[in-house]
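The values are calculated or read from the model by the stated rules, or taken from the named source; none is laboratory data. Predicted, not measured: the structure shown is a model, and the values here were computed from it. No Cβ is skipped: glycine too gets one built from the backbone with ideal geometry, and neighbour counts run over all protein chains shown. Surface accessibility is based on the protein's heavy atoms, side chains included, excluding ligands, DNA and RNA. Shrake-Rupley method; radii C 1.70, N 1.55, O 1.52, S 1.80 Å.
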Amino acid sequence: MTAVTAPVESGVPVRHRVRVAGVVQGVGFRPFVHRLATRLNLTGHVGNDTGGVVVEVEGAVAAVAEFEARLVTDAPPLARIFGVDATPVEARHDDRFRIIESQATGAVGTFVSPDVAVCDDCTAELFDAADRRFRYPFINCTNCGPRFTITLRLPYDRPNTTMRDFILCEACRSEYEDPGDRRFHAQPLGCADCGPRLWFEGPTGVVDGTDAALAAAQRALACGAIVAIKGLGGYHLACDAASTGAVDTLRRRKARQDKPLAVMVGNLATARRLAHIDGFEAAHLSGPERPIVLVVRRAGGPLAAQIAPRNPHIGLLLPYTPLHHLLFRRVPGSDETVPTALVMTSGNLSDEPICYDDTEARNRLARIADAWLVHDRPIHVPCDDSVVRLDGGVELPIRRARGYAPLPVHLPFEVAPTLAMGGEIKNTFCLASGRHAWVSQHIGDMGSLETLAAFERSTRQYGDMYEVDPQRVAADAHPGYHTRSWAEDHATGAVDLVQHHHAHIAAVMVEHAVPPGEQVIGFAFDGTGYGTDGAIWGGEVLVSGYEEFERSAHLRYIPLPGGDATIRKPSRAALAHLWAAGIEWAPDLPPVRHTTPEELTVLRRQLERNVQCVPTSSMGRLFDAVSSLLGVRHHASYEAQAAMELEHMADEHMADGDCADRVRPYRFATAGEEIDTAPVLRAMIDDMRRGCAPGSIAAGFHVAVAELIAQVADRLRDATGIERVALSGGVFQNVLLLRLARAALATRGLQVLTHHLIPPNDGGLALGQAAVAGWRRASATPRMGAP
């Protein structure tokens, strides 16, 4: 390797061995160190090992001190430094500073970088006709491109990635070995002569060559075809987002009736034409993570209505691979129509994991895709797109995957190697060891063999990558969950069972570094969670630490006919709430009108005889019930649809300057630990019968829930002295409720902890499970929690 000689200043030199831990491999850290040491006239060397980056640096005392400080302050943009440890060693009087070969020695202490979007420098080269990588769909450098999804093992070097079989040409090898080049040790490096290649497969055969393949894909998309496109972490299913026919076809084949579809556009200017985008949203759309950002759709835009039926938001994302950028540009010499906006949805059937293996994709997507745009760079780890919502400068993760995973979350205490299984839906798992917790990318809903296989494969990959062999396994306490069954079948010892809502609150505590021994007032509001009394919880107020919790308040139980089957039937939830409140099923009420007389008879008999009725305190089911009561949604085709549409109605009302102050004043009743919903339901029905606008009632309900949170928190502060309030659970994906609750709590002087690293939904459960199980083991208290 080439290097620049750097003479030592006069005087007695010092030499330090500096170990840097964190995301410091595959992000241009070694060339950065080389440049910094050279500028400061220091000698020594830098190299990777399985623990991170190791530097030996020698020179004047002041220069070495400046070097160590600037290691952190001037680090490359993709680096994440978790620790720098400097130790004096004997001087060696080197004549220069060198970059040495990586060493696969010691315990794994480094971290894999997430996949990141193609950088501006590479994008400029992509469209520079004078550049040798002009229109090369896999252009990358140390500042961008695939990382996590191609990593086989650590340290992060080319032989340890799926690029190992692509032999670098002379030109690429020269860049790869030059510390002054931004492609120095860019492991996915390649070009048209030596790297991955692209081709198109359609009904008439295979089209080779990048430009020919891209033109064929653009032609197919313009004609209404569904094209399976292989990306960084798996396959997308793409179609023209303005074509009603194409979107309808995709929905039918994918078995995705109403759930919104993500839309990719070529640039931020196009995104602004389709949606209202503020500066914070624009920064997230165009940042290196490139998540799907939920934004407010502009009325009258060109997108098909079926993109997000009855939903004012759309999920937009910008191109994050060179291939995506090329899809939105005209192929030289071609007259094919260039897409304006493409549906880019996960390559799977609904609720299944994303397809990433080529053979598997051919089998699972054969009945959905009309054509294929594929490449030959293998994907080792599947990784879906991340999804975020933004509100007033606050980021709320909805799905944590590409761009974020597998960055670790720092634990406020040390834990023994632990595997936490996560939830049954929106599954992620967590591998924790020491002070680090690796929350996996989104896996999916655990109701299929495909998802279970993906879960098993991913847990092995994480364990192998970080050389962590879990000593303990933690799982949700629900006896019917596949995750618990898997844990009990595979754990070598007893499984640590963690109550669902305790895990939700513990996850928020970890995010905010709440130390062990301290407690928070936790509001865990969601749809379903197994309680310590065997009932279905979901409207819980817990005084909680990591070790244990006390259930201090909860919604009054209502009997839910059919249990979890009611998730897709908000009208049934409404009827159950009305029955429990002693409110007549009058024919003027929307859920009654929606239900057939025969079904009403059966439901009434079930409730009266308590047959197949599961008691629940779920806030999620209450939101469903109110949605049906106001005539918003009686049947849901996807999780939380009814609650989301209720939120949209309330938000629209409160955003209307003429209506914002006309919010109905509803109040819950509390008696001891129980929170009674009946007064709110009766008042809402009275207002409906008086002709109040549904938006006003929906807004009033949201305000009432936020005020309930603040009032209960205020009461518990007086009783416990606890000032911190944690909000978690799927209900807090509702940005309007989150905004109202934060404001109501802040008015009372309470500190509010909300999610910003992991989702509030069940995608964040695994982190909480790992923390609870880890701390209980550390303090020798292996119990599930207090009823």
query = Out of all the residues in the stretch 51-73, which are in contact (Cβ under 8 Å) with a residue 24 or more places away in the chain and β-branched (Val, Ile, Thr)?
reply = Val53, Val54, Val55, Val57, Val61, Val64
key: Meets criteria (farther than 26 Å from Gln306 by Cβ, surrounded by fewer than 19 Cβ atoms within 10 Å (Cβ to Cβ) and of a type in the set (A, V, I, L, M)) for Ala212   = yes
message = Tell me the residue from Ala361, Ala308, Ala304 that is of a type in the set (Gly, Ala, Ser), open to solvent by less than 10 Å² (accessible area, probe 1.4 Å) and in contact with a helix residue (DSSP H, G or I) (Cβ under 6 Å, 6 or more places away or on another chain), please.
response = Ala304
inquiry  = Please count how many residues of the stretch 36-50 are in contact (Cβ under 8 Å) with a residue 40 or more places away in the chain and under 16 Å from Arg98 (Cα atoms).
reply    = 10
message = Please pick out the residue among Ala710, Ala746 that is touching a strand residue (DSSP E or B) at 6+ places or on another chain (Cβ under 9 Å), without any contact (Cβ under 8 Å) to a residue 24 or more places away in the chain and more than 30 Å from Gln471 (Cβ to Cβ).
response = Ala746
note = Within the stretch 470-508, restricting to residues that are more than 21 Å from Val543 (Cβ to Cβ), aliphatic (A, V, I, L, M) and over 23 Å from the mean Cα position of the chain (by Cα), the one that is most open to solvent (accessible area, probe 1.4 Å) is Ala494
task = Read through the list (1) part of a helix (DSSP H, G or I); (2) open to solvent by 10 Å² or more (accessible area, probe 1.4 Å); (3) under 21 Å from Phe523 (Cβ atoms), then give the number of the only condition that Glu639 fails.
result = (1)
query = Is it true that Ser618 is of a type in the set (Ser, Thr, Tyr) and open to solvent by 10 Å² or more (accessible area, probe 1.4 Å)?
reply = no
query = If you go through the stretch 112-135, how many residues are open to solvent by less than 10 Å² (accessible area, probe 1.4 Å) and more than 17 Å from Leu318 (Cβ to Cβ)?
reply = 3
key: All positions within the stretch 531-588 that are over 15 Å from Leu622 (Cα atoms), of a type in the set (D, E, K, R) and either out of contact with any Leu (no Cβ under 7 Å at 6 or more places or on another chain) or open to solvent by 40 Å² or more (accessible area, probe 1.4 Å) (or both)   = Asp533, Glu547, Glu548, Glu550, Glu584, Asp588
request  = Would you confirm whether any residue within the stretch 179-201 is surrounded by fewer than 17 Cβ atoms within 10 Å (Cβ to Cβ) and polar (S, T, N, Q)?
outcome  = no
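For a quick check of your reading: which strands (runs of 3 or more DSSP E) sit entirely within the stretch 319-437 and have at least 3 residues that are within 30 Å of Cys191 (Cα to Cα)?
341-346, 371-375
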key: Criterion: touching a helix residue (DSSP H, G or I) at 6+ places or on another chain (Cβ under 9 Å), farther than 22 Å from Ser637 by Cα, crowded, with 22+ Cβ neighbours inside 10 Å and of a type outside the set (A, V, I, L, M, F, W, C) - qualifying residue of Gly224, Gly234   = Gly234
message = If I ask for residues that are part of a strand (DSSP E or B), open to solvent by 10 Å² or more (accessible area, probe 1.4 Å) and aliphatic (A, V, I, L, M), which ones from the stretch 9-45 would you list?
response = Val14, Ala21
key: Matching option when the condition is of a type in the set (A, V, I, L, M, F, W, C) and under 22 Å from Ala255 (Cα atoms), among Ala366, Ala432, Ala420, Ala416   = Ala366
note = The residue that is farthest from the chain's Cα centre (by Cα), considering only those in the stretch 259-290 that are buried (at least 16 other Cβ atoms within 10 Å of the Cβ) and part of a loop (DSSP other than H, G, I, E, B), is Gly266
For Leu452: the one exception among (1) aliphatic (A, V, I, L, M); (2) closer than 16 Å to Tyr481 by Cβ; (3) open to solvent by less than 30 Å² (accessible area, probe 1.4 Å) = (3)
note = By residue number, the members of the stretch 159-175 that are assigned to a helix (DSSP H, G or I) and open to solvent by 20 Å² or more (accessible area, probe 1.4 Å) are Pro159, Asn160, Glu170, Ala171, Arg173, Ser174, Glu175
inquiry  = Whether any residue in the stretch 93-105 is among the small types (Gly, Ala, Ser), assigned to a loop (DSSP other than H, G, I, E, B), at negative phi and open to solvent by 60 Å² or more (accessible area, probe 1.4 Å) is what I want to check.
reply    = yes
